[in-house]
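Notes follow the structure.
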Amino acid sequence: MQRTLTERLAILSDAAKYDASCASSGTEKRDSARSGGLGSTEGSGICHAYAPDGRCISLLKILLTNFCIYDCAYCINRSSSNVARARFTAEEVIWLTLEFYRRNYIEGLFLSSGIIRSSDHTMEQMVRVARELRTTHGFRGYIHLKTIPEASPALIEEAGLYADRLSINIEMPTDAGLASLAPEKRPAGIRRAMAGLRTKIEEMGEPTLRTKARRRFAPAGQSTQVIVGADAASDATILSTSGRLYGSYGLRRVYYSGFSPIPDASSRLPPQKPPLMREHRLYQADWLFRFYGFGIEEITAARPDGMLDLDLDPKLAWALAHRERFPVDVNRAPREMLLRVPGFGVKVVQAILAARRHRRVRLEDLGRLRVSLRKVRPFIATADWTPLRLIDRLDLGALFRPAPEQMALL
Amino acid sequence: MRTVRLRHAADFPEWRDAARMLLLGGVAPHEVDWRLGEEGLFAEEPAPRATASPPVTPLPRVPPSFLELAEAVICHSDPARFELLYRMIARLQVDRQLLSDRMDRDVVAARRLEKAVRRDAHKMTAFLRFREVPAEGARRRFVAWFEPDHHIVGRTAPFFARRFADMDWMILTPKGSASLTDGALRVSEAPAQKPDLADPTDALWLTYYRNIFNPARLKVKAMMAEMPKKYWANLPEAALIPDLIAQAPARVAAMAEQAARRPPAFHDRIQARAPAEPLPPMEGLAGLRAEARGCTRCPLHCQATQTVFGEGPEHASLMFLGEQPGDEEDLEGRPFVGPAGRILDDTMRQAGLDRSAAYVTNAVKHFKYELRGKRRIHQSPSSGEVEQCRWWLDREMALIRPKLVVAMGRTAVSALTGKVPKLADLRGRLHALDAGRAMIVTVHPSYLLRLPDARARGREAIRFREDLEAARDWLSSPTSSPAR
Ligand code: SF4
Ligand code: SF4
C-alpha cells in the first residue's frame, strides 16, 4: 500500500537527520523582488527553528529515497537495515520545499539520497529537483545537493549550476576506516570528486575574458562531514584529515558528527551515547585552525594519545601548555598573540586594537566588552593589572577544570 | 530643561531633525528631556526655528557609520535611546573618532542596543510563520502574527518584500504591521490585534520537526539559548518540544535494547548479485596507468588526491622526467599542468619541441606536501618514496623505451641513476643510461619560479632552453647515440 505523504516525510526526514550540515550561508545575494519568482538569499543564513537536540533547522533536509544498495555500517539507510523504506517523487520534494518556504519555515532545501540503481541515476534525480525548482518555479532560496562521487562530470556541472552548495561526505577520517565500515565507498574517488569540485568552483569563479561575467557554480562552495567515534581514529587524526581537506579542496566547512545510535544498528558498532563533548571540542579546534591562526599540530600536541582535553577548551589547553608566552600585554601585543588569549574572540581583539589608539586599556574597559575577566585575567597584563607569573600557579589548570560532579543519590 | 516630544517610537528622520535643531541651538545633552507621545515635536516649547535665522554655525556632521548605528539604536525600546544618541552626536562634533573607541561608555551602550535590535530583527526573520488565508485575486495570501521586543517592523519589512515577492502577505505585531499587496509594500506603526490563524500545512511541518530531531543528542540548553521561550507562543512546532524531550530517553533505550535483526530480503538480493564484471585487463600504457591508480606502495597515496601518471604517446622517443606532481597536478590528475608545467610548455615551444610527441612523467606519482595554514606547500619526496615509486618509473621506461630522457632536477636524476648527484656536475651534457638510452640533465622548471631576482631568472631561463635545444639537436642528429 502506498504510504501517505506525511508518512513518507516522517521516514525520509528521520533518515536525513544524521547529516550535521544545515548551513544556508555564504552564497551570492539573490532577491525575488527584482527578479521575480520566490525567495532570496542574503549572505548570512537563518536558522528558522531549533530542535531539542540543539541543532539549527535551516533547510528542509530530506532524502529523495532511503533505499540504498550500499551497506555502510554506520548508516541508518544501509541495505542491511530493517528501517521502513520510502521514496518521494521529484514533484513532491518540489512541492514541500515551496510550501515550507512560503510559510517561512525554511531557507531552502538540502537534498540527499540513498544510492539507487547507479550513481548517475541517483544524481540525475536530485539534479532534476534542483533544476525544476530554479527554472520552472523561479525559486531563489538556498539549495544544497549531496553529490555522488562517481556521478558523471556533466551531471555534477549541472548540479553546480542550480545548487548553492555541493557536498560529498568523507564520513571516516582514514582510508582504512572507510574501507572497513563502508566497503563500497572509494576514498580515492571521494578525493578526486572533491578536487574536481574545487577546480570547477575556482574556474567558474573567475570572470570570463569575453563577458566579464562569472559563471555560476556552487557559489556557497563545498563542505563535508566526518563521523566521530565510529572508528578508533584520534582527534589528532581527525583534525589532520580536516586540515588536509581544507588545504586541498578549499572546503567551506568540515562538519563533525558524533556517531549516534540508530534504530536497527549494525552489531559491528556497539550502541553508545554520541560523544557530544568530543564533537564540541573538535568544532572548537577547527575554529582555532580556521580563524585564530593555530596549526593543527599545535592544537593536538598537548596529549600523547592525540585526544583533545574534554574538560578544557582547546585554546585554554594550549595556553596552559605554553605559559611562557603569557601574560600578553593587551596594550602592546600584536593581533596574532591577542588571538591566543583564552577568552578573547576575534571581535574583542578587533575592538582592543581599535581602542588602543584612544586609551591605555584597563581591566574595566575589557569588562565593558563583556569579556569574562575571571577567565582572561591570568593571561593578560593591562594598564592596571599584572597577574602573578603564570608559571608559578601550580593550580592554574585546576582553576579552570570543572568541579568534580557531585554524586547523586540513586 | 527642554522637553522634546517625538511622535514616533522609531522614526529616525524625525529624531534627526529634532537633534539637528537642538544642536544648532547649542542645547547641551543633559538639558533635553526626550518624550514619546502624540502632541508632536517640541509641543511644550516653541521649536527652535532652524530656518528663522540662517545658521551661523555649519550644519552638524557625523560619520556615516554613526548614521547606520543610530538607525538601529532608534528602534530599541529603551526610553533612554534618544538621549544617548543625542549625547553621542554632540560628542562627535568635538571628537570625530569617537566611534572607533570601542571601550567608551556611550559607544559600548549604543553598540549593545544596536546588537539587541539586530538580534530581534534577525529572530523575526527566523521565527515568523506565515499562514495561508483565502485569496481574492490571483496571488496567494498569507498572514503572520509576531511579537518583537523592539520597534523593528519597518526595519524588517523590506527583507520579507525581497523574499516573498510573488505572494500577498501581511505581518501583524503589537508594534505595527507591514503588508505586501500586488507588489506594494506598506508599513504602519499602529498596534495590531492577534488574528485567529490556522493552516493545514503546519501539520506537515510538525511531522518534519518531530522526525529531524535526534533523541540521542538531547541538548535542551543549546536550543533554549537560540530559541528562548518567549518565541514559543507563536511557533507551531514549539508545542511538540515538551513531549519530544520527555520521550527521548525511552526512545534511546529502545534503540539500545533492540536485538540485531536479520537483514531484509532486499539486502540479500543485492549481496547475491554478481560483483560488477571485472574489466578485461588492459594492455600497455593504459593498463599500467589503470593499475597505478590504486597504488598504495607508500604512504603518500592517502594524503594526496590521486596518482598522477605519465602522459604522452606510448612509443615516444623523448621522455621528460620531473620530481613529483604539485598542487594543480594533484587536483587535475595530469602531470605538468601547473605553473612549472607552463614554463616547460613555453620553453619546449621555444626550443622547437612538441610536447604532444613527448612522454611527460614524474619520479614520484603522488603529491607530497606540508600544510601551512590552509595552503599545501610542496615537500621533496624522501629517497624511500622515490625508491618505492621506481616500480612505476621502471615500467614506464620499459614500455616506452625512449631514446632520450630529459631529467629535470635532482630527484629525477637519482631516480634514473640510483645516485644522489650534484646537478651542476652533470648539467647540460649527455649521459648514457642502460639499454642504449641517453639522459640529459637540467634543472626542474619550478627552480626558475623560485628565483627571486628577475635577472637571474632570465639567465636561467635561457640555460634551460639551451638544455632543451641540446636534447632536440641530439634527437634529430642521424647518429644519435649516447656520448661517453
Ligand atoms: S551510501 Fe552508505 S552512507 Fe550513503 S545512504 Fe547508502 S548506506 Fe548510507
Ligand atoms: S607515490 Fe608512487 S609508490 Fe607511493 S603510493 Fe603513489 S604511486 Fe605508489
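The values are calculated or read from the model by the stated rules, or taken from the named source; none is laboratory data. This structure is a prediction, so every number in the text was calculated from the model and none was measured. Here the Cβ positions follow ideal geometry from the backbone for every residue, glycine too, while neighbour counts run over all protein chains shown. Please note that ligands, DNA and RNA were not included when accessible areas were found on the heavy atoms of the full protein model with its side chains. Shrake-Rupley method; radii C 1.70, N 1.55, O 1.52, S 1.80 Å.
Observations, loosely collected:
- Based on DSSP H segments of at least four residues, each scored -39500 (n - 2.57), the protein assembly as shown has a per-residue ellipticity at 222 nm of -12000 deg cm²/dmol.
- Span from the region A:23-71 Cα centroid across to the region B:390-455 one, whole angstrom: 53 Å
- The residues packed around B:Ala340, meaning those with a beta-carbon under 14 Å from its beta-carbon, carry a net charge of -4 if Lys and Arg are +1 and Asp and Glu are -1.
- Relative contact order (%) - criterion: Cα under 8 Å, at least six apart; region: region B:128-188: 30 percent
- Residue by residue along B:254-263, Cβ atoms of other protein chains within 10 Å of the local Cβ number 5 on average.
- 3J(HN,Hα) from dihedral phi, region B:295-301, Karplus parametrisation 6.51/-1.76/1.60, rounded to Hz, x for glycine, proline: 5, 10, 5, 9, x, 4, 5
- Surface accessible to a 1.4 Å probe, B:Arg91 within the full protein complex, Å²: 80 Å²
- Partnerless cysteines in the protein assembly as shown, where a partner means another cysteine C-beta under 4.7 angstrom, comprise A:Cys22, A:Cys68, B:Cys75, B:Cys295, B:Cys298, B:Cys302, B:Cys389.
- Gap separating the Cα centres of region B:86-111 and region B:236-267, nearest whole Å: 55 Å
- Charging the Cβ of each Asp and Glu at -1 and of each Lys and Arg at +1, and nothing else, the dipole of region B:131-265 about its Cα centre rounds to 560 debye.
- Within region B:206-250, backbone nitrogen closer than 14 Å to the virtual label 7 Å beyond the Cα of A:Arg3 toward Cβ: B:207-208, B:211-212
- Heavy atoms of B:Met21: accessible area, 1.4 Å probe, square angstrom to 10: 50 Å²
- The protein assembly as shown: Cα Rg divided by the 2.2 N^0.38 Å rule of thumb: 1.13
- The loop-placed trypsin sites (Lys or Arg not before Pro) in region B:367-455, going by DSSP, that have at most 10 neighbouring Cβ atoms within 10 Å of their Cβ come out as B:Lys419, B:Lys422.
- Anisotropy class of chain A from Cα gyration tensor, a/c 1.5 cut: prolate
- Here the contact order of region A:267-346, divided by its residue count and restricted to Cα pairs under 8 Å and six or more residues apart, works out to 27 percent.
- Sequence-separation-based contact order of region A:19-75, relative, with Cα cut under 8 Å and 6+ spacing, percent: 29 percent
- From the largest down, region A:309-385 spans 39, 23, 21 angstrom on the principal axes of its Cα atoms.
- Within 10 Å of each Cβ in A:5-11, the average number of Cβ atoms from other chains: 3
- B:Ile270 versus A:Thr135: modelled label distance in nm, points set 7 Å from Cα along the beta carbon direction: 3.1 nm
- Accessible surface comparison of B:Met255, B:Met348, probe 1.4 Å, protein chains only, largest first: the order is B:Met255, B:Met348.
- The heavy atoms of B:Arg155 offer some 90 square angstrom of accessible surface to a 1.4 angstrom probe.
- Restricting the GluC sites (Glu not before Pro) of region B:187-258 to loop positions (DSSP other than H, G, I, E, B) with no more than 15 neighbouring Cβ atoms within 10 Å leaves B:Glu189.
- Buried solvent-accessible surface, both chains (A, B), 1.4 Å probe, Å² to nearest 100: 7600 Å²
- Pairs beyond 30 Å (Cα-Cα), from A:Lys61/B:Lys175; A:Lys61/B:Lys230; A:Lys29/A:Lys273; A:Lys273/B:Lys229; A:Lys200/B:Lys368: A:Lys61/B:Lys175; A:Lys29/A:Lys273
- In region A:78-181, the trypsin sites (Lys or Arg not before Pro) that fall in loop regions by DSSP, at most 13 other Cβ within 10 Å: A:Arg117
- Within-10-Å neighbourhood charge of A:Phe67 [Cβ basis; K, R +1; D, E -1]: +3
- Over chain B, volume per residue of the alpha carbon convex hull, in Å³: 326 Å³
- C-alpha center-to-center spacing [region A:293-331, region A:178-257] in angstrom: 27 Å
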